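> Have a look at the structure that comes next, please.
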Amino acid sequence: MDAVSMKSSDQRTRRSANFTPSLWKEYLLRLERQVSTYDFKKEEFCEQEREHERLKEVVRMMLTEPGVGSGPQTLDLIDIIERLGLFYHFECEIQALMLTSKLEHGDEYDDHDLHKVALRFRLLRQLGHYVSCDVFNKFKDQEGNFKESLVTDVRGLLGLFEAAHYRVHEEDILGEALNFTTSQLVSMLPNLDHFWTPRVKQALEVPIQKTLNRIGARRFISLYEEDTSHNAVLLKFAKLDFNILQRLHQKELLNEAKWWNSLNAAENFPFARDRLVECSFWTLGVYFEPKYSEARQSLAKVIAMVSIVDDIYDSYGFLDELLLFMDSIERWHISALDQLPSYMGQCYRALLNVYNEIEERLAKEGKSDLINYAISSVRTCYI
C-alpha cells in the first residue's frame, strides 16, 4: 500500500488501548482563572519579591558571618536550608563550608554521635564529595553488628537511614545500615511522639535521595513550622520562595497547555494519552530553578511528543506505517511528510516544530550547534 492510499483511506482495523480521558481539564481551567488574577496583584507580588530578596541576604549572612565553621550547628543549618528547597540560592556558600569540613576532617569524622556523622556523610555525598563509608564502622560491635545502644536513638537512626541511600556499589556496610535502620524505624513508629512520627513516616515512604525537590520542600516546610525551635527567618523565606516558584511553574504549565491545544491533540491524536500535566511536572525533577524556565518548557513539549509517538508505536500504528515513520525520523526534513499517513504527518510536523523552536532559542545564545545532539538522540530512539 502506497502513502497516497493510506492518506485517503485505510480500512484496516486499528488497535485501541482505550486510555482514560485526561483528569486535568478542570484543573487547567481553574488554574487559568487563578493566573489571570495575578496581573491585579502585581504590587502585592512585587512586595513579596522585595521581601524575598531581603530575607535571602539575611540567610546568606547566616552562612558567611565570621565564626561560622564546619561544626554540627552549621551542618544542621545546611540540612534545613537544603530540605526547605533553598539550596540553589546558596550553592557557592554551602559548597565552601562543606569543602572546609572535608579538608579539616577528611573522611574520618571524630565524633561518636550517629546523627552528626550520618548528616555530614549525607551532605558531602549529596554535594558530590567522596567520603568513605568506613566512618560508620565505629557504630558496630565486635561481632560486626550495629550496636544495641543505637536502637533508641531515633534521630541517629533516621540520619543513618537517609545516609545509606547514597551508597554505591560494594559498600556493604551501607546496605546493612539500610536494613538495620529500616527494621528499627518501622518497629518503633507506633510508639513515637507527634514530633518524630511524621518525620519517620515520610522518610520510610520516600527518602530524601528519592524525593522531588518541590514535593520534599513543601512537606518539610510544614514539618519545620511545627518545630518549636524553628528559625522564623528561614521559615518565612522558604514559604515566600516556594510560592514565587510555584507561580512561575503554573505560568509555564499554562504556556505548555496553550501549545498542546494548538496541536488540536484531542482531534488529531485521539488514540494518544493526554499527559501534558505529567510531562510538565516531570521536568521539575530535572531542574526547577527559575533560570531554567525556557528549558523546562521545551523539555515538557519534547516529552509530550515522545508520549504521542510512544502510543503510535504501542497501540495505533501499523508496521508499514512505523517503518515509514522511522525513515522520516532519519531524514528529519519537512519533505518527509509526503510519505506519511495523515495522523503521522501531524505528529511529525509538530515534532519538527518543537525542535525548530529549540534551535531558534539556542541560536540566540550562540549555541545552535547543540540541537544536532538532541536530534541525534531522537534518531537513536526510533531507528
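> Within the set of pairs 6+ apart or on separate chains, which have a first residue in the stretch 281-296 that is surrounded by fewer than 16 Cβ atoms within 10 Å (Cβ to Cβ), a second that is part of a loop (DSSP other than H, G, I, E, B), and C-beta atoms under 6 Å apart?
GLY285/LEU212
> Hey, another quick one. SER222 passes all but one of (1) surrounded by fewer than 16 Cβ atoms within 10 Å (Cβ to Cβ); (2) under 20 Å from GLU82 (Cβ atoms); (3) touching a helix residue (DSSP H, G or I) at 6+ places or on another chain (Cβ under 6 Å); which number fails?
For SER222, the failing item is (3).
> Checking the structure you have, find out if any residue of the stretch 59-69 is touching a residue at least 60 places away in the same chain (Cβ under 8 Å), crowded, with 18+ Cβ neighbours inside 10 Å and on the phi > 0 side of the Ramachandran plot.
No.
> Could you list, ordered by first residue, the pairs with Cβ atoms under 7 Å in which the first is in the stretch 186-208 and aromatic (Phe, Trp, Tyr) and the second is modelled with pLDDT of 95 or more, at least 6 apart or interchain?
TRP196/VAL154
> Right, another one. Would you check which residues across the stretch 1-32 are modelled with pLDDT under 80 and aliphatic (A, V, I, L, M) and list them?
Once the filter is applied, which keeps residues that are modelled with pLDDT under 80 and aliphatic (A, V, I, L, M), the stretch 1-32 yields MET1, ALA3, VAL4, MET6, ALA17.
> Would you mind listing the helices (runs of 4 or more DSSP H) fully within the stretch 308-383 where at least 3 residues are among the basic types (Lys, Arg) and surrounded by fewer than 17 Cβ atoms within 10 Å (Cβ to Cβ)?
342-364
> Can you name the condition, by its number, that VAL131 falls short on among (1) crowded, with 18+ Cβ neighbours inside 10 Å; (2) in a helix (DSSP H, G or I); (3) of a type outside the set (Gly, Ala, Ser)?
(2)
> Another question, then. When you scan the stretch 126-136, do you find a residue that is at pLDDT 95 or above, among the aromatic types (Phe, Trp, Tyr) and over 18 Å from ASN213 (Cβ atoms), even just one?
Yes.
> Something else now. Looking at VAL131, VAL200, which is the one that is under 26 Å from MET62 (Cβ atoms) and β-branched (Val, Ile, Thr)?
VAL131
> Take PHE180 and tell me if it is touching a strand residue (DSSP E or B) at 6+ places or on another chain (Cβ under 9 Å) and either more than 14 Å from ALA118 (Cβ to Cβ) or at pLDDT 95 or above (or both).
yes
> Looking only at residues in the stretch 209-231 that are of a type in the set (A, V, I, L, M, F, W, C) and without any contact (Cβ under 8 Å) to a residue 40 or more places away in the chain, which one is farthest from ARG167 (Cα to Cα)? First the steps, then the outcome.
Taking the stretch 209-231 as the starting set, the residues that turn out to be of a type in the set (A, V, I, L, M, F, W, C) are 212, 215, 217, 220-221, 223.
This time we only want the ones that are without any contact (Cβ under 8 Å) to a residue 40 or more places away in the chain, so: 215, 223.
Values: ILE215: 23, LEU223: 26 Å.
Per the stated criteria, the residue is LEU223.
> Then there's this: Pairs needed: first member in the stretch 105-125, hydroxyl-bearing (Ser, Thr, Tyr); second member anywhere, modelled with pLDDT of 95 or more and part of a loop (DSSP other than H, G, I, E, B); C-beta distance under 7 Å; at least 6 residues apart or different chains.
Pairs that qualify, where the first residue is hydroxyl-bearing (Ser, Thr, Tyr) and the partner is modelled with pLDDT of 95 or more and part of a loop (DSSP other than H, G, I, E, B): there are none.
> May I ask you to say which residue of LEU28, LEU23, LEU75, LEU84 is free of Cβ contacts under 8 Å to residues at least 40 places away in the same chain and not aromatic (Phe, Trp, Tyr)?
Of the residues listed, the single one that is free of Cβ contacts under 8 Å to residues at least 40 places away in the same chain and not aromatic (Phe, Trp, Tyr) is LEU23.
> Six or more apart or on different chains, Cβ atoms under 9 Å: show the pairs whose first residue is in the stretch 232-245 and in the same structural domain as PRO290 (by TED's automatic domain parsing) and whose second is at pLDDT below 95.
From the stretch 232-245, no pairs qualify.
> For the subset of the stretch 170-192 comprising residues that are touching a helix residue (DSSP H, G or I) at 6+ places or on another chain (Cβ under 8 Å) and not in a helix (DSSP H, G or I), which member is farthest from ALA203 (Cα to Cα)?
GLU171
> For the stretch 76-101, what are the residues that are at pLDDT below 95 and buried (at least 18 other Cβ atoms within 10 Å of the Cβ)?
Matches in the stretch 76-101: LEU97, MET98, SER101.
> If we only count helices (runs of 4 or more DSSP H) wholly inside the stretch 207-299, which ones have 3 or more residues that are polar (S, T, N, Q)?
Because the criterion is at least 3 residues that are polar (S, T, N, Q), the helices (runs of 4 or more DSSP H) in the stretch 207-299 that meet it are 232-262.
> Between a first residue in the stretch 304-318 that is within 20 Å of SER262 (Cα to Cα) and a second residue that is crowded, with 19+ Cβ neighbours inside 10 Å and of a type in the set (Gly, Ala, Ser), which pairs have beta carbons less than 6 Å apart while being 6 or more apart in sequence or on different chains?
Partner pairs satisfying both residue conditions: ILE308/ALA272; ASP311/ALA272.
> Output the number of residues of the stretch 356-371 satisfying the condition of being within 21 Å of ALA336 (Cβ to Cβ) and either in contact with an Asp or Glu (Cβ under 9 Å, 6 or more places away or on another chain) or touching a residue at least 24 places away in the same chain (Cβ under 8 Å) (or both). Give the steps one after another, and end with the answer.
Step one: list which residues in the stretch 356-371 are within 21 Å of ALA336 (Cβ to Cβ), which gives 356-360, 371.
Going one step further and asking which of them are either in contact with an Asp or Glu (Cβ under 9 Å, 6 or more places away or on another chain) or touching a residue at least 24 places away in the same chain (Cβ under 8 Å) (or both), we end up with 357-358, 371.
Qualifying residue count for the region: 3.
The values are calculated or read from the model by the stated rules, or taken from the named source; none is laboratory data. Everything numeric in this text was worked out from a predicted model, so none of it was measured. Glycine also receives a Cβ, built like all others from the backbone with ideal geometry; neighbour counts cover every protein chain displayed.
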